[in-house]
Every structure is written in C-alpha cells, then in structure tokens.
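The values are calculated or read from the model by the stated rules, or taken from the named source; none is laboratory data. No experiment lies behind these values; they were computed from the predicted model shown. Here the Cβ positions follow ideal geometry from the backbone for every residue, glycine too, while neighbour counts run over all protein chains shown. Ligands, DNA and RNA are stripped out before the accessible areas are found, and what is left, the full protein with its side chains, is counted by its heavy atoms. Shrake-Rupley method; radii C 1.70, N 1.55, O 1.52, S 1.80 Å.
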Amino acid sequence: MDVRNPPSVSPRQIAAPGTVVVRPFLLKPQWMNGLSERLLVSHYENDYGGALRRLNAIRARLAARDWAQASSFEINGLKREELMAAGAVILHEIYFESLGGHGDRPPTGLLEPPAGLAEALTRDFGSVTAWHAEFVAMAKALAGGSGWAILAWSGRLGRLVNQWAADHGHGLAGAVPILALDMYEHAYHLDFGAKAAAYVDQIMANLNWERIGARYRLAIGEGTAEDDALFLPFGAPPQAEARISAEELKAALDDEDRRPVLLDVCLPRDLPRRTDMLAGASMHAPAALPHWINALPRDRPIAVYCICGFQVSGTAVKELRRRGYDARALVGGITAWHAIGGGTVPMDMSTYEGAP
Ligand SMILES: [Fe+2]
C-alpha cells in the first residue's frame with residue numbers, strides 16, 4: 001500500500017484528474033478522551049478542509065498557467081502556497097489518523113506502541129519513555145507559536161527522528177512522517193484556551209498506536225495487506241464499489257443522468273448532533289429500514305450517508321446491496337462533505353420514522 005494514498009481513497013473515487021480527494025475521519029469525534037467533538041469537527045472541516053480546498057484551487061490555477069508568460073512573483077506566490085497547502089493537507093491527515101480508538105471503542109489512553117515500533121523507538125531514543133519525553137517537550141516548546149511536532153522515519157539517517165516544524169512546509173528532506181501533532185492554536189483553543197501543554201498531554205492520551213505502527217511498517221517497506229483495513233473507517237463497506245467519495249458524489253449530483261437517490265440515515269441518539277443535510281436527501285431511522293426500503297427505485301444509483309461514514313451508513317448499504325440495490329456509502333459522511341465545501345440545507349425530519 002502507498003502510504004500517501006491509503007485504501008479508503010481508491011483511484012476510482014477520484015472525481016477529476018488531479019483532484020486531491022478528502023480523507024475521512026477514522027476517529028469517532030464524539031468519543032474521545034477530553035477532546036470535544038466540536039473542536040475535532042471544526043478543525044477537520046474548516047482547517048483541514050480549508051487546506052484541501054485551497055490546494056485543489058491552486059492546482060487548478062497552476063494547470064491553466066502559461067509558464068512562458070507568467071511573472072516570477074506569480075510563480076513564486078502560487079508555488080509557495082501550493083507547498084504550504086499540500087503540507088497542511090498531508091500533516092492534518094496523519095494527525096487525525098493517528099488519533100482514535102479501536103473499532104467502536106474509545107481510545108484507551110495508554111502508551112502502547114506495537115512491538116515493532118516500540119523496538120525501533122527503544123533503539124533510536126533509548127526507551128519508549130525517553131522518546132515520549134522528547135516528543136512531548138518538543139511539542140510543548142511550540143506553545144504560543146505554531147507548527148508541528150513530527151515523528152518521522154529517515155532512511156538516510158537510518159532512524160526515527162523527532163522533527164520540529166515551524167510550519168506546514170517544514171520537513172526533514174526525504175523523511176516519512178509517522179505521527180504528527182498539530183501545534184497551531186486552532187487545534188486546541190476551543191477546548192483548552194491558551195493551555196497548549198494540557199492539549200499536548202490530551203493528544204498523547206488519544207493516540208491510536210495500531211495505525212501509527214502500521215505507518216512505521218509502511219515507511220520501512222514492511223507494510224502488510226492487513227494494515228490496509230486500519231485505514232478504512234470502522235464499519236464502512238470493505239468493497240471499493242460500495243463506497244463513493246464526496247468529490248465523486250458532488251460530480252454525480254451535478255449530472256442529471258447520474259444523479260443518485262440520496263438517503264440520510266441517522267440513529268435517534270445522534271439526532272441532537274445534526275443540524276443540516278444534503279439538499280434532496282430523505283432522512284430515515286436505520287432500524288426502520290424494512291419499512292422504507294421498498295419505496296426506493298431499483299433503476300437508479302443510491303448514495304447513503306451518515307455523520308462520519310462509519311457503521312450506520314455501512315450497515316444500511318450492506319443491506320441495500322444484499323437486496324439488489326445499487327447503493328454506495330459516502331466515505332466520511334456529511335462531515336467529509338462539509339470539508340470539501342459541499343452545500344447543505346437545514347435538517348428536515350419529515351420523512352424520519354418516529355419524528356416528533
Ligand atoms: Fe490544524
């Protein structure tokens with residue numbers, strides 16, 4: 001597997017040539033240790049999503065440039081912004097993918113690198129505890145400013161390094177980031193105010209060492225097929241043909257011939273977390289599926305989404321496909337849709353079973 005293109009973003013999900021496709025949340029934002037859903041979702045949709053939208057806009061602008069006519073200041077400006085936006089996209093993806101629990105369970109809060117990574121940290125830093133002390137101190141030293149604390153594998157140096165980064169474009173040449181900790185104020189201010197050190201400690205209590213360990217194996221060329229599943233949202237359909245990216249859905253909705261039926265599935269307990277929906281979608285309770293499924297057309301594609309694209313839409317799509325419908329689950333749910341700048345309308349519960 002290519003670490004730059006983990007499996008939940010398959011080539012067929014790329015909406016247009018050159019488009020960088022949004023990566024979904026792998027963490028469950030409502031069940032983290034001491035990090036609020038409001039903070040995590042705002043960070044993902046606005047800062048990560050903003051960088052992604054900026055990167056794609058810059059790339060489109062670059063593709064249309066007449067290089068022979070372009071001025072040096074135009075080239076310097078666009079290429080600088082492209083580098084910064086690309087760095088922000090990639091580092092935010094590594095940051096968010098390094099957080100979260102196992103399957104449906106919240107993070108354990110334990111310092112528990114898997115065996116291979118623990119041995120490498122011990123080899124290169126003396127012990128896991130010594131690595132942890134240096135990494136945390138490096139992150140806290142960025143408090144009051146901005147930047148990234150990065151654990152990276154350097155093939156040239158033959159070791160893992162704790163790398164200090166002043167901004168999104170700052171990286172050790174040739175090194176592969178394994179873990180990235182966002183030290184920009186937007187990453188913590190909503191929950192922690194100016195208490196950056198408390199934020200760093202809380203991030204360390206939410207790490208997903210399984211995925212960090214898989215990134216290390218991939219970086220040193222020892223990734224396995226089993227590692228792929230770690231980068232797929234929990235409960236999402238494993239088959240690529242049962243998933244649709246936000247970009248692909250946006251393109252399909254703009255095309256009258258390919259426009260899918262939109263289903264918004266939401267557990268009753270999650271309704272208070274919702275405020276909006278995709279225009280034209282109908283909202284349903286997953287438990288009432290046997291009652292609403294027969295009203296669906298069999299001659300049109302169906303796109304199903306939930307909040308983040310975990311098992312709520314995954315289970316509905318599995319059942320729809322079992323019954324012969326051409327159904328696909330939106331990768332990353334409405335959260336990823338927001339991140340790409342997709343439009344929404346206020347939530348309409350008139351079709352929801354058991355609606356008040
Ligand atoms: Fe950020």
Run down ASP201, ASP228, ASP191 and say which single residue is within 16 Å of the ligand (Cβ to nearest atom), closer than 24 Å to LEU110 by Cα, assigned to a helix (DSSP H, G or I) and open to solvent by 20 Å² or more (accessible area, probe 1.4 Å).
ASP191
Candidate set from region 144-186 (those that are modelled with pLDDT under 95 and more than 24 Å from the chain's Cα centre (by Cα)); member that is least open to solvent (accessible area, probe 1.4 Å)
GLY145
Please tell me if GLU97 is more than 16 Å from the ligand (Cβ to nearest atom), within 28 Å of the chain's Cα centre (by Cα) and closer than 22 Å to THR19 by Cα.
no
For region 328-352, give me each residue that is of a type in the set (Phe, Trp, Tyr) and closer than 16 Å to LEU52 by Cβ.
TRP337
Quick check on my filter: what residues within region 23-62 are within 19 Å of GLY235 (Cα to Cα), open to solvent by less than 10 Å² (accessible area, probe 1.4 Å) and either within 16 Å of the ligand (Cβ to nearest atom) or among the hydrophobic types (A, V, I, L, M, F, W, C) (or both)?
PHE25, LEU27, PRO29
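Within region 66-82, how many residues are open to solvent by less than 60 Å² (accessible area, probe 1.4 Å) and either β-branched (Val, Ile, Thr) or closer than 23 Å to VAL21 by Cα (or both)? Working first, answer last.
Within region 66-82, the subset open to solvent by less than 60 Å² (accessible area, probe 1.4 Å) is 70-71, 75, 77-78, 82.
Among the residues that remain, those that are also either β-branched (Val, Ile, Thr) or closer than 23 Å to VAL21 by Cα (or both) are: 75, 78, 82.
Residues flagged as open to solvent by less than 60 Å² (accessible area, probe 1.4 Å) and either β-branched (Val, Ile, Thr) or closer than 23 Å to VAL21 by Cα (or both) within region 66-82 amount to 3.
Would you mind finding the one in HIS92, HIS102 that is in contact with a helix residue (DSSP H, G or I) (Cβ under 6 Å, 6 or more places away or on another chain) and either at pLDDT below 95 or open to solvent by less than 10 Å² (accessible area, probe 1.4 Å) (or both)?
Details: HIS102 fails: in contact with a helix residue (DSSP H, G or I) (Cβ under 6 Å, 6 or more places away or on another chain).
Checking each option against the conditions leaves just HIS92.
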For region 297-320, give me each residue that is in contact (Cβ under 8 Å) with a residue 12 or more places away in the chain and farther than 20 Å from LEU267 by Cα.
PRO297, ARG298, ARG300, PRO301
Of all residues in region 304-353, count the ones that are out of contact with any Ser or Thr (no Cβ under 9 Å at 6 or more places or on another chain) and among the small types (Gly, Ala, Ser).
9
